[in-house]
Amino acid sequence: MHFSEHELTAALTGAAKSVVRAQRKDVRKGTVDIDSAWEAMDRLERFRLLDGIGGQVLPVLSALPEVDVAPGTRPTYTDRQVSEIVAGLAGDGGGRLRRAVLVKARTTLVQTALAHVPPRLGPEAFGQEL
């Protein structure tokens, strides 16, 4: 699938914020807003988090098949489609249970990233006609 730089940035940032939300107790409990927690992180912390997530998510996003995306919607894929690609990219090391957990976790992370891809704009948004 071909994603724009803006779409990939939004996807990775959304996935990273979901990881921060899961890791930080104050964010989970609602005492700190996720955007405030994100802004409170220094640039190096954000970079390291985005770099780690990017290494897991970007190869999968680039391997996804092309789908037609109607204006105003975002690309969607089934868990099965994503998990097949994740399993193919994961390799064979680590044992059966470890591999199954890796595939499940990475599939969830990729689906979270896809949920944060902004809706596609139609040609009319750029003053063009079909």
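The values are calculated or read from the model by the stated rules, or taken from the named source; none is laboratory data. What you are looking at is a predicted structure, and each value in this text was computed from that prediction instead of being measured. Please note that ligands, DNA and RNA were not included when accessible areas were found on the heavy atoms of the full protein model with its side chains. Shrake-Rupley method; radii C 1.70, N 1.55, O 1.52, S 1.80 Å.
If you take volume of the Cα convex hull per residue in Å³ from the coordinates, which of [x] 86; [y] 134; [z] 97 do you get?
Computed from these coordinates, volume of the Cα convex hull per residue in Å³ corresponds to label [y].
Run lengths n ≥ 4 of DSSP H only: what is the helix-derived mean residue ellipticity at 222 nm for the chain, with -39500 (n - 2.57) per run over all residues, to the nearest 500?
After summing the helix terms and dividing by the residues of the chain, the value is -20500 deg cm²/dmol.
With the chain treated as a Gaussian network of Cα nodes joined by springs under 10 Å, which of 117, 86, 19 yields the largest mean-square fluctuation?
19
Fully extended, how many nm does the chain gain between residue 42 and residue 28 (0.36 nm per residue separation, minus their Cα-Cα distance)? Don't jump to the answer; show the numbers that get you there.
Details: separation 14, 0.36 × 14 = 5.04 nm, distance 2.01 nm.
Residue separation times 0.36 nm, minus the Cα-Cα distance, leaves 3.0 nm.
I'd like to verify something in the chain: which complete DSSP H helices, judged by Cα projection on the helix axis, reach 24 Å or more and average at least -0.5 on the Kyte-Doolittle scale?
Qualifying helices: 5-23, 43-63, 96-115.
What part of the accessible area of the range 1-48, given as a whole %, is carbon or sulfur when the probe is 1.4 angstrom?
That fraction is 51 percent.
Can you give the accessible area per residue of the chain, in Å², using a 1.4 Å probe?
In whole numbers, the chain has 65 Å² accessible per residue.
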